[in-house]
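Quick one: this structure, given as structure tokens, is what I'll be asking you about.
The values are calculated or read from the model by the stated rules, or taken from the named source; none is laboratory data. Small disclaimer: the values here were computed from a predicted structure and weren't measured. Backbone-built Cβ (ideal geometry, glycine too); neighbour counts: all protein chains shown.
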Amino acid sequence: MTGIKLEVDGAAHDVPEGASLLAAVRAAGIELPALCSDDRLSPAGSCRTCLVRADGQIAAACVTPAASGAQVETATDDLQQLRRDAVELIASALPPRALAGDNPSELAHVCRSLGIGPEAAQGVGGRGGDDSHPYVHLDRDLCIACGRCVRMCAEVQGTFALTLVGRGADTVVAPGTGGSWADSDCVACGGCVDTCPTGAIIEPGPARGLTSASHQAASLTRTTCGYCGVGCSLEVVTRDGEVTAVLPARDGPVNQGHACVKGRFAHGYLTSPERLTRPLLRRDGHLEPVGWDEALGHVARGLRAAVDAGGPDAVAAISSARATNEENYLVQKFMRVVIGTNNVDNCSRLCHSPSAAGLTASFGLSGGTDSLDDVERADCLLVVGANPVEAHPVVGARLLRRVLHGAKLVVADPRAVGLALHADVHLRPRPGTNVALFHGLAHILLTEGLTDEEFLRDRATGLPELTELLDDYPPHRVADITGVPASDLIAAARLYGRARRPAIVYGLGVTEHLHGTDGVRSLANLAILRGAVGTDRGHGVNPLRGQNNVQGASDMGALPDLLPGYGKVTDPAARSRAEAVWGVPVPEHPGLRIPDMFAAARAGDLRALWVIGEDVCATDPDANRVAQALDACPLVVCNELFLSETARHADVVLPVASWLEKDGTFVNFDRRFQRVRPAVPPPAEARTDFDVIHAAASAMGVDLGCPTPADALAECGRVAPVFAGLSHHRLDREGAIPWPCPNPDRPGEAKLYTERFATPDGRARLAAAPYLPPGEQPDDDYPLILVTGRRWAHYNSGSMTRRGGNLALDPVDFLDLHPDDAVRYDVQDGAQVTVESRHGRARLITRVSEQTAPGQVFCSFHFPASGVNRLTSDHADTVTSCPEYKVTAVRVAAP
């Protein structure tokens with residue numbers, strides 16, 4: 001980047017092209033008050049507190065560009081007095097509490113640094129406030145109308161929920177809807193709280209007045225968010241052993257000083273009275289508290305009995321996408337070394353296993369092809385089967401920001417939500433018709449000459465077979481299959497095909513289908529046809545991961561057919577690497593997938609199942625059959641924070657730590673390893689999963705080695721060369737590092753395949769998979785198609801987010817349906833209805849809107865008591881066994 005040379009108070013400095021004088025002054029180590037400025041926002045220049053003299057002219061530093069050769073003065077007496085006068089004038093309109101000695105606000109700090117005492121605040125107040133929201137309270141008397149909160153909401157979050165109202169000295173911030181804060185469009189990202197310089201907008205409680213720029217706390221811990229797979233860097237404020245606030249890290253590599261309601265505020269579950277703090281053992285049909293020695297002894301005896309009765313394959317484990325990499329590594333090692341089976345799987349089976357299979361088949365590796373930073377540079381975004389505004393809010397905000405700055409946007413999603421509201425073209429395919437949709441786009445790319453012929457010739461295979469297949473997918477036929485008008489299909493293909501640097505981002509709307517792997521591969525075809533993978537002509541194909549470490553759980557080998565680093569258990573070379581490190585033979589036949597585990601338990605073949613951090617009774621499909629499997633299995637062990645529905649079916653329940661109480665690493669959706677550090681200890685007798693697995697192995701008479709999480713990651717690097725360059729020490733020093741990273745002296749690969757693909761011949765592989773219909777179709781008895789997904793305020797089964805203020809933001813589970821269907825089935829908005837499928841029934845509250853298309857309904861899975869996953873079928877992706885959550889035929893009726 002071209003630099004600018006200038007002088008600040010007589011000393012020479014270099015700043016980047018486009019920097020402001022304020023940035024130049026701060027780069028020189030000089031602090032100026034700047035009450036309307038936040039380096040995450042566009043400058044406003046309204047408060048006039050950052051005055052400097054540039055080449056003899058007094059100017060507001062925040063809105064004045066740095067110019068080469070400029071002479072900047074900051075320290076003259078007249079400038080200091082001008083700044084002091086400006087700050088004093090602002091403070092004079094506020095009530096005395098604005099400058100009270102215990103006020104940690106930016107304004108109070110600035111006043112103290114300028115020698116302005118509390119007596120300067122002479123305002124009488126009386127403008128009132130708004131404390132209707134559980135996480136964001138407004139004190140209008142402290143508002144200085146700087147506009148930072150409004151710009152944060154618009155420019156960073158993209159929600160546009162705030163505005164300034166009133167005139168002159170009476171101007172204050174208010175929700176844009178004109179009502180209460182709780183009833184506004186606010187999604188509680190906390191950005192307004194974090195940027196407010198006066199404390200007018202605060203988080204109530206112990207965190208009152210704290211921001212990421214100003215925190216006065218006994219302890220501060222840098223860690224990585226344990227909710228979704230975005231991987232936000234957070235700073236956890238603690239006092240007296242308790243979390244008082246969680247703040248977004250200003251230098252977070254992914255979130256860049258931003259967060260969402262879950263990472264920022266949803267930590268109340270830590271101190272919930274429902275936290276499990278002692279092991280539970282089932283006696284006479286009841287779970288009773290016991291000591292750790294007794295609980296672990298029972299587990300060890302049960303595991304030995306299972307092996308004695310049915311061999312090692314009579315034992316299985318479901319590892320956790322919520323756990324750290326090191327814990328997942330230890331789980332799979334326990335199963336392969338202590339038990340002697342490959343029966344280990346994780347919840348990627350239920351969400352992104354088609355991504356792993358499809359991306360590996362197309363490109364060679366199981367992760368997304370590019371970093372979020374690369375994706376954000378795209379000039380056309382194709383967002384498919386994902387609602388990142390709600391499910392991955394920080395990514396959603398960054399993508400929306402890119403669109404607002406001029407990038408074209410194509411959204412393919414049955415619902416009109418989130419980014420779809422800002423799309424240049426919104427494709428609304430019938431659920432289950434993705435493959436046909438992608439083939440229709442590919443057909444247009446080929447017929448209109450929008451492909452990269454050189455790339456296809458030199459770096460891809462399979463074009464003749466795909467070309468022949470695509471002859472059957474002209475726009476009019478695809479329109480018949482998908483319901484997407486041919487004109488929209490053509491417009492979308494042209495936007496993607498004519499872009500200079502397109503990027504594809506997708507979610508579970510692509511994978512959770514009967515033919516999810518075909519969907520991933522057909523979507524990857526588009527990037528290959530465009531030459532947009534591994535080149536400077538595009539930014540690839542990138543899945544948004546749902547859980548915080550679903551990528552890492554698979555990376556670590558918690559899969560029945562793959563070892564750490566994705567070495568196949570059937571590959572002698574991969575097994576020999578692991579055997580050399582572990583010192584025991586590794587079984588050569590793949591183990592059971594999660595659905596097969598349940599089937600084996602119902603058949604009497606699986607005699608012990610260890611479920612780590614997954615509420616399978618709430619989150620897995622056909623939940624009634626899952627419960628039957630657990631009841632049939634002689635030993636079920638469950639590691640949990642709370643007494644979940646799965647834990648209620650267990651024989652042993654082990655209380656474990658949450659992500660805020662752990663040491664280790666996570667891998668986010670764009671393959672970045674990041675450190676996780678404990679901010680507080682686990683409550684009472686709860687232990688980390690890492691410690692629990694070690695203790696269970698010891699009870700079985702086996703020492704697993706790698707006594708610390710750092711040792712476990714180091715050992716994993718010896719088993720899997722793709723991770724050999726990673727270590728806790730390096731991550732502590734450098735921050736986020738993407739894999740592949742085989743060398744400790746070289747950076748990881750943020751952008752994959754720049755030289756060759758990781759396939760045997762080094763070429764990307766086009767897939768010619770025909771469209772096949774979904775597993776279920778509507779009929780006269782079940783005329784509606786149910787799609788499930790996430791809402792912004794909650795997370796997965798809601799076990800954490802429903803134990804805190806998020807429940808006030810989203811208290812019940814809704815069934816969204818179109819007004820035409822509400823009339824057709826005589827359903828009123830807000831009415832309780834029974835939703836029935838061929839597999840079960842659930843009870844939900846209706847919400848009538850045009851977000852869903854006629855004939856389709858939508859609900860989340862955050863409230864297990866509603867029974868949503870009793871509705872879903874046992875249809876699953878034919879390649880990976882990923883459930884078809886996105887297509888279930890249902891009907892609605894009065895309760």
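Return the total of residues in the range 262-292 being on the phi > 0 side of the Ramachandran plot and of a type in the set (A, V, I, L, M).
At the first step, the residues of the range 262-292 found to be on the phi > 0 side of the Ramachandran plot are 284-285.
Keeping just the survivors that are of a type in the set (A, V, I, L, M) gives none.
Selection size over the range 262-292: 0.
So in the range 444-491, with the set limited to residues that are within 20 Å of ALA412 (Cα to Cα) and of a type in the set (S, T, N, Q), which one is surrounded by the most Cβ atoms within 10 Å (Cβ to Cβ)?
THR482
Let me ask you something else. With the requirement that a residue be aliphatic (A, V, I, L, M), more than 20 Å from the chain's Cα centre (by Cα) and more than 16 Å from LEU303 (Cβ to Cβ), what does the range 315-365 give you?
Hits for the range 315-365 are ALA357, ALA361, LEU365.
In this structure, is VAL389 β-branched (Val, Ile, Thr), assigned by TED's automatic domain parsing to the domain that holds VAL611 and either over 23 Å from GLY748 (Cα atoms) or in a helix (DSSP H, G or I) (or both)? Please lay out each step first, then the result.
Working: β-branched (Val, Ile, Thr): yes; assigned by TED's automatic domain parsing to the domain that holds VAL611: no; either over 23 Å from GLY748 (Cα atoms) or in a helix (DSSP H, G or I) (or both): yes.
The answer is no for VAL389.
Enumerate the strands (runs of 3 or more DSSP E) found wholly within the range 636-738, keeping only those where 1 or more residues are farther than 18 Å from THR271 by Cα and of a type in the set (S, T, N, Q).
Output list reads 664-667, 672-676.
Any residue at all in the range 738-761 that's farther than 30 Å from ALA865 by Cα, more than 30 Å from the chain's Cα centre (by Cα) and not assigned by TED's automatic domain parsing to the domain that holds ASN639? First the steps, then the outcome.
Pass one, the range 738-761, residues farther than 30 Å from ALA865 by Cα: 738-761.
Filter once more, keeping what is more than 30 Å from the chain's Cα centre (by Cα): 760-761.
With the extra rule that they be not assigned by TED's automatic domain parsing to the domain that holds ASN639, the set shrinks to 760-761.
So far as the range 738-761 goes, yes, one or more of its residues are farther than 30 Å from ALA865 by Cα, more than 30 Å from the chain's Cα centre (by Cα) and not assigned by TED's automatic domain parsing to the domain that holds ASN639.
Yes or no, residue by residue, for (1) in a loop (DSSP other than H, G, I, E, B); (2) under 28 Å from the mean Cα position of the chain (by Cα):
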residue: ALA492; (1), (2): no, yes
residue: ILE504; (1), (2): no, yes
residue: ALA553; (1), (2): no, yes
residue: GLU579; (1), (2): no, no
residue: VAL584; (1), (2): yes, no
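I need the full set of residues from the range 265-316 which are buried (at least 16 other Cβ atoms within 10 Å of the Cβ) and of a type in the set (Val, Ile, Thr), in order please.
Answer for the range 265-316, where residues must be buried (at least 16 other Cβ atoms within 10 Å of the Cβ) and of a type in the set (Val, Ile, Thr): VAL290, VAL299, VAL307, VAL315.
Let me ask you something else. Taking ASP596 as the residue in question, decide whether it is of a type in the set (Asp, Glu) and touching a helix residue (DSSP H, G or I) at 6+ places or on another chain (Cβ under 8 Å).
So ASP596 fails the test.
Can you name every residue in the range 160-192 that is touching a residue at least 60 places away in the same chain (Cβ under 8 Å) and either at negative phi or surrounded by fewer than 16 Cβ atoms within 10 Å (Cβ to Cβ) (or both)?
The answer is ALA169, ALA182, VAL187, CYS189, GLY191.
Here are some residues: ARG53, ARG26, ARG40. Which one is among the basic types (Lys, Arg) and under 19 Å from HIS109 (Cα atoms)?
After ruling out the rest, the residue left standing is ARG26.
Please go through the range 723-732 and give me each residue that is crowded, with 21+ Cβ neighbours inside 10 Å and out of contact with any strand residue (DSSP E or B) (no Cβ under 6 Å at 6 or more places or on another chain), ordered by number.
Residues satisfying the conditions are PHE723, HIS728.
Can you tell me how many residues within the range 525-548 are in contact with a helix residue (DSSP H, G or I) (Cβ under 8 Å, 6 or more places away or on another chain), assigned to a helix (DSSP H, G or I) and either of a type in the set (A, V, I, L, M, F, W, C) or on the phi > 0 side of the Ramachandran plot (or both)?
Within the range 525-548, residues that are in contact with a helix residue (DSSP H, G or I) (Cβ under 8 Å, 6 or more places away or on another chain), assigned to a helix (DSSP H, G or I) and either of a type in the set (A, V, I, L, M, F, W, C) or on the phi > 0 side of the Ramachandran plot (or both) number 3.
Show the residue pairs that are 6+ apart or on different chains and have beta-carbon atoms under 7 Å apart, the first residue being within the range 693-707 and under 24 Å from ARG718 (Cα atoms) and touching a residue at least 40 places away in the same chain (Cβ under 8 Å), the second being among the basic types (Lys, Arg) and buried (at least 18 other Cβ atoms within 10 Å of the Cβ).
LEU704/LYS333
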